[in-house]
Amino acid sequence: CAAHPKVWAEVQLAERCGPRFAEALSGAIAYQELLFPGGSMEAVRPVYEKAVASAFYNRCCVAAAEAVLELLSVGCSVVALEVGAGSGGTASSLLPVIDGSCRRYVFTDVSTVFLRQASVRFSAFHFVEYSLLNIDADPRLQGFARHQCDVIVATNVLHATPFMHNTLHNCEQLLRSGGMLVVNEALATAAFLQITF
């Protein structure tokens, strides 16, 4: 870490997961416990927010959200939804930028643990709502109205669904006419990703 301080986030997680890789593969230890020890986000949050690649792509999501804001009429307030928001890595970059322009930001995940932690972390942003959502299932059956969102953000989550056609159809159901789906997905893998995530 001292030789390359810009990659400290990746190094600390690789040092945590790498030596126990075989145990995780064999099921001797739950991979969730390596990534989220005791339910804590502290091992992964730096990777999602401070790592060089994450910080760059989070800025890209911010630029996309700003573009949506510019396209809307003056005085119009945005309804945004983040799919699989998890530890809040993308939200931490987006929320300060859209504060004041966003009427609702729906922070979603399939885990109540992530929602509880995010509600504490982002409590200063009063326009944020927290809700369970499995984007692979029909959002209407989960309490979401059709065509309510101006923008949907999805960072490294859509690939985890079993049927991409269903997933994208469900995103489309949530978007207003002219709404934007901002997809931030890693398209290639690396050794770091293989021994951690």
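Checking every one of the trypsin sites (Lys or Arg not before Pro) in region 110-159 against DSSP loop status and a limit of 15 other Cβ atoms within 10 Å picks out ARG146. Taking GluC sites (Glu not before Pro) in DSSP loop conformation with at most 12 other Cβ atoms inside 10 Å as exposed sites, the chain has its longest uninterrupted site-free stretch at 43-184.
Taking the DSSP beta bridges with both ends in the chain, the antiparallel portion is around 0 percent. Mind listing P(r) for region 1-108? All alpha-carbon pairs, 10 Å bins, whole percents. Binned Cα distances yield the sequence 13, 35, 28, 16, 7, 1. Relative to the longest principal axis of the Cα atoms of the chain, the long axis of helix 112-121 makes an angle of roughly 80 degrees. Separation of region 1-51 and region 143-183, taken as the distance between their Cα centroids, equals 29 angstrom. Only helical runs count toward this figure. For the chain, summing -39,500 (n - 2.57) over DSSP H runs of n ≥ 4 and dividing by all residues gives -12000 deg cm²/dmol at 222 nm.
If you average the sequence gap of Cα pairs under 8 Å that are 6 or more apart and divide by the length of region 28-96, what percent do you get for the contact order? Relative contact order, region 28-96: 35 percent.
Rg and Dmax over the alpha-carbon atoms of the chain stand at 17.4, 56 Å.
Bear in mind these aren't lab numbers, they're just calculated from the coordinates by the rules spelled out. Please read all numbers here as calculations on a predicted model, not as lab measurements. Positions of Cβ are generated from backbone atoms using ideal geometry, with glycine treated the same way; all protein chains shown enter the neighbour counts.
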